[in-house]
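S.K.: Okay, here's the structure, questions in a sec.
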Amino acid sequence: MKCFFPFLLVLLWCAPAQGQELLPFKKIDTTQLFLEVHTPENFDSSKDYPAMVFFFGGGWIGGNRSHFLQQARHFSKRGLICFLADYRTKVTHGTTPFEALKDAKSAMRYVRKNAKDLHIDPTKIIAAGGSAGGHLAAATALISDFNEEGENLKVSCIPNALVLFNPVIDNGPGGYGYERIQDAYKDFSPLHNIKKDAPPTLLMLGTADELIPVATAKYYATVMEKVGSPCTLKLYEDQPHGFFNTKHPIYFEKTLNDADSFLQELGYLPIKPLKTKSKDR
């Protein structure tokens with residue numbers, strides 16, 4: 001097993017579908033993982049931009065990086081460099097949730113390590129994700145274990161802010177994925193590893209979510225605030241798991257606007273009123 005971190009970035013860019021660029025960030029045996037890069041309009045190479053790294057949902061079982069394509073397009077237009085990250089899943093790679101977390105940490109380290117070449121402000125890197133991808137984003141900030149062998153741990157994988165879409169935050173008994181995590185939940189579950197001075201967090205959840213109880217999210221936000229880690233919880237009435245996806249246009253836009261406002265408040269985005277016109281179908 002070995003990790004692959006390219007030295008000359010300019011030589012390793014390749015063009016995927018939809019006209020975007022793919023950046024290889026990790027190779028494990030024969031598996032190559034990529035970051036799909038979305039740059040701001042009128043990109044200026046003399047500037048450093050905030051960055052946003054998205055992790056797709058799918059229970060660590062399936063899914064792919066296109067999950068957050070529309071969100072990445074929005075935030076790149078707003079002035080962020082956005083990355084849609086690959087990670088290993090059970091269906092595609094025969095792996096466990098632990099390998100998924102190792103890959104998420106590798107992606108965050110890669111972006112920070114290469115911030116200068118990528119024209120990124122290393123103090124303004126946001127991790128975002130939905131469901132199991134929300135777990136991965138939160139875990140890059142809170143979980144100290146599950147790092148790839150041979151990786152440079154001096155490069156921090158901890159983001160500067162978190163945007164979480166109905167994230168899996170509890171992997172303990174009774175929580176999501178416990179049957180696969182078992183006793184490792186003590187070192188894997190964000191809820192069980194809350195700490196002081198964690199990155200400012202936006203947590204968005206539908207009140208009818210069948211996987212993440214509202215009570216769990218409220219407890220998470222309360223404990224985060226109590227230990228000195230700002231956490232904003234946004235609840236969306238009667239909405240199920242996955243309510244933020246594009247098949248629910250009204251809530252896609254609501255969550256997009258709430259995330260945008262959150263990042264404006266942090267100073268990561270310019271203040272700009274957003275106009276929305278979509279209607280739920």
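S.K.: Write down the percent of antiparallel bridges among all DSSP beta bridges whose residues are both part of the stretch 30-131, to the nearest 5.
M.R.: Working: 4 of 15 bridges.
Just about 25 percent of them are antiparallel.
S.K.: Which shape class applies to the stretch 51-163: rounded if a/c is under 1.5, otherwise prolate when a/b exceeds b/c and oblate if not, where a ≥ b ≥ c are the square roots of the Cα gyration tensor eigenvalues?
M.R.: Values: a/c = 1.87, a/b = 1.16, b/c = 1.62.
Note, shape of the stretch 51-163 comes out oblate.
S.K.: Another question, if that's okay. How much of Ser76 can a 1.4 Å solvent probe reach, expressed as accessible area in Å² and rounded to 10?
M.R.: Counting only protein heavy atoms, Ser76 exposes about 10 Å² to solvent.
S.K.: Just how large is the dipole of the chain about the Cα centre, in debye to the nearest 20, putting +1 at every Lys and Arg Cβ and -1 at every Asp and Glu Cβ?
M.R.: Values: 32 positive and 30 negative charges, 90 e Å.
Dipole about the Cα centre, nearest 20: 440 debye.
S.K.: Magnitude of the Cβ-charge dipole of the stretch 191-281, K/R +1 and D/E -1, about the Cα centre, nearest 20 debye? Present the calculation step by step, with values, prior to reporting the outcome.
M.R.: Details: 12 positive and 11 negative charges, 41 e Å.
So the dipole magnitude of the stretch 191-281 works out to roughly 200 debye.
S.K.: Counting Lys and Arg as +1 and Asp and Glu as -1, each charge on the Cβ, what is the dipole of the stretch 79-219 about the Cα centre in debye, to the nearest 20? Please report the intermediate quantities before stating the final value.
M.R.: Working: 15 positive and 16 negative charges, 83 e Å.
About 400 debye.
S.K.: Given R₀ = 22 Å, what would the calculated FRET efficiency be for Lys218 paired with Lys272, taking r from the Cβ atoms and rounding to 0.05?
M.R.: On the way: r = 31 Å, r/R0 = 1.40.
After rounding to 0.05, the efficiency reads 0.10.
S.K.: Using modelled backbone amide H atoms (1.01 Å from N, in-plane), which distant-in-sequence or interchain residues come within less than 5 Å of Phe25's amide H?
M.R.: Distant-sequence amide H within range of Phe25: Leu33, Phe34, Leu35.
S.K.: Where a ≥ b ≥ c are the square roots of the eigenvalues of the C-alpha gyration tensor, would you call the stretch 144-200 rounded, which needs a/c under 1.5, or, failing that, prolate if a/b is larger than b/c, or oblate? Could you put the intermediate results ahead of the total?
M.R.: Working: a/c = 2.16, a/b = 1.28, b/c = 1.69.
Oblate shape, in that a/c is at least 1.5 and b/c is the bigger or equal ratio.
S.K.: Could I ask something else about it? When DSSP assigns beta bridges and you keep just the ones with both residues in the chain, what percent turn out antiparallel, to the nearest 5?
M.R.: 30 percent
S.K.: OK, next. Binning at 5 angstrom from zero up to the longest distance, how are the C-alpha pair distances of the stretch 201-272 distributed in percent?
M.R.: 4, 16, 23, 21, 20, 12, 4, 0
S.K.: Oh, and also: Between rounded, prolate and oblate, where does the stretch 147-281 land on the alpha carbon gyration tensor, with a ≥ b ≥ c its root eigenvalues, rounded for a/c under 1.5, else prolate if a/b exceeds b/c?
M.R.: Numbers: a/c = 1.87, a/b = 1.30, b/c = 1.44.
Oblate is the answer for the stretch 147-281, as a/c is 1.5 or above yet b/c matches or exceeds a/b.
S.K.: Report, in cubic angstrom per residue, the convex hull volume of the C-alpha atoms of the stretch 104-200.
M.R.: Working: hull volume 9.3 nm³, N = 97.
Enclosed volume per residue, from the Cα hull, is 96 Å³.
S.K.: Continuing with this model, one more query. Where only protein heavy atoms count, and the probe is 1.4 Å, what is the accessible area per residue for the stretch 105-151 in Å²?
M.R.: Values: 1320 Å² over 47 residues.
Using a 1.4 Å probe on heavy atoms only, each residue of the stretch 105-151 averages 28 Å².
S.K.: Ranked from the most accessible area to the least, with a 1.4 Å probe and all protein chains present, what is the order of Thr39, Thr201, Thr123, Thr216?
M.R.: Numbers: Thr39 60, Thr201 0, Thr123 85, Thr216 25 Å².
The ordering from most to least exposed comes out as Thr123, Thr39, Thr216, Thr201.
S.K.: Among residues other than Ser189 whose Cβ falls under 15 Å from its Cβ, what is the net charge (Lys/Arg +1, Asp/Glu -1)? Display every interim value, and only then the final one.
M.R.: Numbers: positive: Arg180, Lys186, Lys195; negative: Asp145, Asp170, Glu179, Asp183, Asp187.
Within the 15 Å Cβ shell, the charges total -2.
S.K.: Separate question: For labels at Asn147 and Thr123 in the simple 7 Å Cα→Cβ model, what's the distance in nm?
M.R.: Spacing of the two 7 Å Cα→Cβ label points: 2.4 nm.
S.K.: Right, something else. Using 0.36 nm per residue, how much length does the chain from Glu41 to Lys116 gain when fully extended, once their Cα-Cα distance is taken away? Write out the running numbers ahead of the final one.
M.R.: On the way: separation 75, 0.36 × 75 = 27.00 nm, distance 1.91 nm.
That pair, Glu41 and Lys116, stretches by 25.1 nm at full extension.
S.K.: Same structure again: Collect residues whose amide H, placed 1.01 Å from N in the peptide plane, falls under 5 Å from the amide H of Gln239; neighbours closer than 5 in sequence don't count.
M.R.: Thr207, Ala208
S.K.: Follow-up question, since we're still on this one. Give the relative contact order (percent, whole number) for the chain; include only Cα pairs under 8 Å separated by 6+ residues.
M.R.: Values: 581 pairs, mean separation 38.3, N = 281.
Averaging sequence separation for qualifying contacts and normalising by length gives 14 percent for the chain.
S.K.: Rolling a 1.4 Å sphere over the protein heavy atoms, what is the accessible area per residue of the stretch 195-258, to the nearest Å²? Kindly include the intermediate steps, with their values, before the conclusion.
M.R.: Details: 3040 Å² over 64 residues.
On a per-residue basis, 48 Å².
The values are calculated or read from the model by the stated rules, or taken from the named source; none is laboratory data. Worth saying up front: this structure is predicted, and the values here are computed from it rather than measured. Cβ atoms come from the backbone with ideal geometry, glycine included; neighbour counts cover every protein chain shown. Heads up: the accessible areas ignore ligands, DNA and RNA and are worked out on the full protein's heavy atoms, side chains in. Shrake-Rupley method; radii C 1.70, N 1.55, O 1.52, S 1.80 Å.
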